[in-house]
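Trainee: A single structure is presented below for examination.
The values are calculated or read from the model by the stated rules, or taken from the named source; none is laboratory data. Remember, it's a predicted structure, so these values are computed and weren't measured experimentally. Ideal geometry is used to build each Cβ from the backbone, glycine not excepted, and the neighbour counts take in all protein chains shown.
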Ligand code: PSU
Ligand code: MN
């Protein structure tokens with residue numbers, strides 16, 4: 001990877017094809033790496049998910065830019081799939097400096113670290129599975145994902161299937177409102193619940209097209225806003241039944257609490273327990289929603305590239 005953007009002591013490694021697309025004003029979609037690492041989907045579904053997300057972005061007419069910290073270098077457009085799908089240390093926004101300073105061999109970026117790197121590289125669209133948010137029982141544990149703070153801060157459109165189903169979804173929506181993050185339901189009225197198409201909560205706004213998202217994002221940014229969250233329900237054929245998922249979530253949460261899991265380990269542990277509690281059925285659903293989001297993100301990136309002013 002050649003082009004290097006200097007951020008004082010930090011060098012951002014940008015893949016040549018990503019750099020060329022950005023220079024030409026073509027569509028680019030950033031992807032996170034945690035979901036594809038051993039902290040995210042189980043092997044070998046993680047590799048399948050990576051391949052399908054990359055393919056969905058390309059098929060949608062955009063250039064994928066996988067983010068990670070590799071050999072201590074923040075990377076945008078990683079092309080090392082074996083490394084990406086292997087064992088990793090979790091890098092949220094607060095770990096970016098640590099991973100660089102301590103030269104971590106592979107730091108898998110969460111949503112919060114990925115949107116930070118996307119913004120640093122000038123990428124306007126990012127796709128994930130489901131964002132982190134306010135955890136159930138947060139008033140006791142204080143566990144609120146750094147994703148929410150980063151979404152509010154950086155001017156990037158994030159596409160997700162809502163927030164992860166085991167979270168406190170009403171509180172997560174409230175937090176997004178406090179952060180000034182517009183939440184746009186992609187051709188849907190309800191806030192999706194990750195594996196299920198609806199959480200039963202209303203999405204604050206509904207959009208029908210990528211052009212509409214691009215118009216909203218441009219206006220939001222011109223007025224000094226940060227992130228925009230587009231929420232897309234998992235495709236019907238891959239969705240799980242909400243009651244079944246809720247029962248599995250309750251089991252998964254009890255299991256991880258009994259195991260004494262806290263902090264950054266909670267989300268990977270609960271996702272694993274959820275896969276067990278659904279006899280593995282949550283995994284193909286997670287994969288399908290991630291690929292679906294990547295395709296929608298590509299459409300939005302194409303619309304944003306078309307709406308950029310020539311001197312931007
Ligand atoms: N979406 C998925 N699987 C995942 C994640 C998202 O389908 O594993 C990851 C993302 O990287 C997200 C992180 O940022 O989980 C949230 O972790 P926490 O709750 O610790 O902030
Ligand atoms: Mn947390």
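Trainee: When you look at residue 100, is it in contact (Cβ under 8 Å) with a residue 12 or more places away in the chain, within 17 Å of the chain's Cα centre (by Cα) and more than 16 Å from ligand 2 (Cβ to nearest atom), yes or no? Give the derivation first.
Mentor: Numbers: in contact (Cβ under 8 Å) with a residue 12 or more places away in the chain: yes; within 17 Å of the chain's Cα centre (by Cα): no; more than 16 Å from ligand 2 (Cβ to nearest atom): yes.
In short, no.
Trainee: Please note which strands (runs of 3 or more DSSP E) are completely contained in segment 1-96 and include at least 1 residues that are away from ligand 2 (no atom under 16 Å from the Cβ), over 19 Å from residue 124 (Cβ atoms) and modelled with pLDDT under 95.
Mentor: In segment 1-96, the matching strands (runs of 3 or more DSSP E) lie at 4-7, 10-14.
Trainee: Could you check segment 147-174 and list, in sequence order, the residues that are over 17 Å from the mean Cα position of the chain (by Cα) and either within 16 Å of ligand 2 (Cβ to nearest atom) or at pLDDT below 95 (or both)?
Mentor: Taking segment 147-174 and keeping what is over 17 Å from the mean Cα position of the chain (by Cα), we get 168, 170-171, 174.
Within segment 147-174, 168, 171 meet the criteria.
Trainee: Sticking with this structure for a sec: Return yes when residue 284 is within 16 Å of ligand 2 (Cβ to nearest atom), within 19 Å of the chain's Cα centre (by Cα) and not in a loop (DSSP other than H, G, I, E, B) and no when it is not.
Mentor: no
Trainee: Can you find even one residue in segment 194-207 that is over 15 Å from the mean Cα position of the chain (by Cα), without any contact (Cβ under 8 Å) to a residue 24 or more places away in the chain, crowded, with 18+ Cβ neighbours inside 10 Å and away from ligand 1 (no atom under 16 Å from the Cβ)?
Mentor: yes
This table checks each residue for (1) part of a strand (DSSP E or B); (2) over 21 Å from residue 249 (Cβ atoms); (3) at pLDDT below 95; (4) touching a strand residue (DSSP E or B) at 6+ places or on another chain (Cβ under 8 Å).
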residue	(1), (2), (3), (4)
181	no, yes, no, yes
184	yes, yes, no, yes
199	no, no, no, yes
213	no, yes, no, yes
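Trainee: Among the candidates 290, 275, 303, 294, which residue alone is touching a residue at least 24 places away in the same chain (Cβ under 8 Å), touching a strand residue (DSSP E or B) at 6+ places or on another chain (Cβ under 6 Å) and in a helix (DSSP H, G or I)?
Mentor: Answer to the selection: 294.
Trainee: Output yes when any residue across segment 160-169 is touching a strand residue (DSSP E or B) at 6+ places or on another chain (Cβ under 7 Å), farther than 17 Å from residue 250 by Cβ and surrounded by fewer than 23 Cβ atoms within 10 Å (Cβ to Cβ), and no when none is.
Mentor: There is no residue in segment 160-169 that is touching a strand residue (DSSP E or B) at 6+ places or on another chain (Cβ under 7 Å), farther than 17 Å from residue 250 by Cβ and surrounded by fewer than 23 Cβ atoms within 10 Å (Cβ to Cβ).
Trainee: Considering only residues that are away from ligand 1 (no atom under 13 Å from the Cβ) and assigned to a loop (DSSP other than H, G, I, E, B), look in segment 108-123 and name the one that is nearest to residue 304 (Cα to Cα).
Mentor: Only one residue tops the list, namely 123.
Trainee: Please go through segment 254-281 and give me each residue that is surrounded by 21 or more Cβ atoms within 10 Å (Cβ to Cβ) and under 21 Å from the mean Cα position of the chain (by Cα), ordered by number.
Mentor: Residues satisfying the conditions are 267, 270, 271, 273, 274.
Trainee: Continuing with this model, one more query. Name the single residue, out of those in segment 222-238 being out of contact with any helix residue (DSSP H, G or I) (no Cβ under 7 Å at 6 or more places or on another chain) and buried (at least 17 other Cβ atoms within 10 Å of the Cβ), that is farthest from residue 152 (Cα to Cα).
Mentor: Here the residue is 233.
Trainee: Which ones in segment 124-146 are more than 14 Å from the chain's Cα centre (by Cα) and either assigned to a helix (DSSP H, G or I) or buried (at least 24 other Cβ atoms within 10 Å of the Cβ) (or both)?
Mentor: Residues satisfying the conditions are 138, 139, 140, 141.
Trainee: Looking at (1) surrounded by fewer than 24 Cβ atoms within 10 Å (Cβ to Cβ); (2) within 13 Å of ligand 2 (Cβ to nearest atom), which one does residue 106 not meet, given that it meets all the others?
Mentor: So residue 106 meets the others, but not (2).
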